[in-house]
1. If I compute mean projected area of the Cα convex hull in nm² from the structure I just sent, which labelled value in (i) 9.2; (ii) 8.6; (iii) 7.4 lines up?
2. If DNA, RNA and ligands are ignored and the probe is 1.4 Å, what is the ranking of 96, 15, 40 by accessible area, most exposed first?
3. Expressed as a whole number of Å, what is the distance separating the alpha-carbon centroids of segment 70-85 and segment 11-46?
4. Pulled fully out, how much extra length does the chain show between residue 14 and residue 108, if you take 0.36 nm times their separation in residues and subtract their Cα-Cα distance?
5. Only residues of segment 1-38 count here: report those whose backbone N is under 20 Å from the spot 7 Å along Cα→Cβ of residue 60, or say none.
6. Of 85, 135, 97, whose Cα points farthest to the positive end of the dipole of the chain (charges on the beta-carbon: +1 Lys, Arg; -1 Asp, Glu; origin at the Cα centre)?
7. Heavy atoms only, probe 1.4 Å: what % of the accessible area of the chain goes to carbon and sulfur, would you let me know?
8. Can you give the relative contact order of the chain as a percent, counting alpha carbon pairs under 8 Å and 6+ residues apart?
Amino acid sequence: MLSKKTKYGIKALTFLARQEDQKPVAIADIAKSENISIKFLESILLLLRHSGFLGAKKGKGGGYYLIKDPKEINMAKVYRILEGPIALLPCASHNFYEKCDDCTDEGTCAVRKLMAEVRDNTLMILENNSLADIAF
């Protein structure tokens, strides 16, 4: 299941991508428009800023803004930053692989095989979509 952090992060990025002038937008404006708690949104936007997707301006007229073109923001990268591994099981993950404690043979494990297929299809969808693709 997608966490609220990831859902709200994608909603905030989409909101910022849809701004015509790309001027900084106050957190309160994003929170109100997308029905997100300001405190929770602050932590999400800070993470996205440290990850290189957003810039921030302090003071009057300040707020957050995209520092990359929405076409250059790959949703697989956004997902990994906000949610973590794409695979539902650690044994099916490329980047965060861990052997399952209860597994006797990964090669014949039906659960691992199914979850690897889910991972591959999810990854294909996320990698083939940019912020621009979902925002417009």
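1. Only one listed value fits the structure, namely (i).
2. These residues rank, largest area first, as 96, 40, 15.
3. Rounded to whole Å, the Cα centres lie 17 Å apart.
4. Using 0.36 nm per residue and subtracting the Cα-Cα distance, I get 29.7 nm.
5. Hits in segment 1-38 for residue 60 at 20 Å: 23-29.
6. 135
7. That share works out to 53 percent.
8. It rounds to 27 percent for the chain.
The values are calculated or read from the model by the stated rules, or taken from the named source; none is laboratory data. Note that this is a predicted model, so its numbers are computed, not measured. So basically every Cβ, Gly included, is an ideal-geometry build from the backbone, and we count neighbours across all protein chains shown. Note: areas computed on protein heavy atoms with side chains; ligands, DNA, RNA excluded. Shrake-Rupley method; radii C 1.70, N 1.55, O 1.52, S 1.80 Å.
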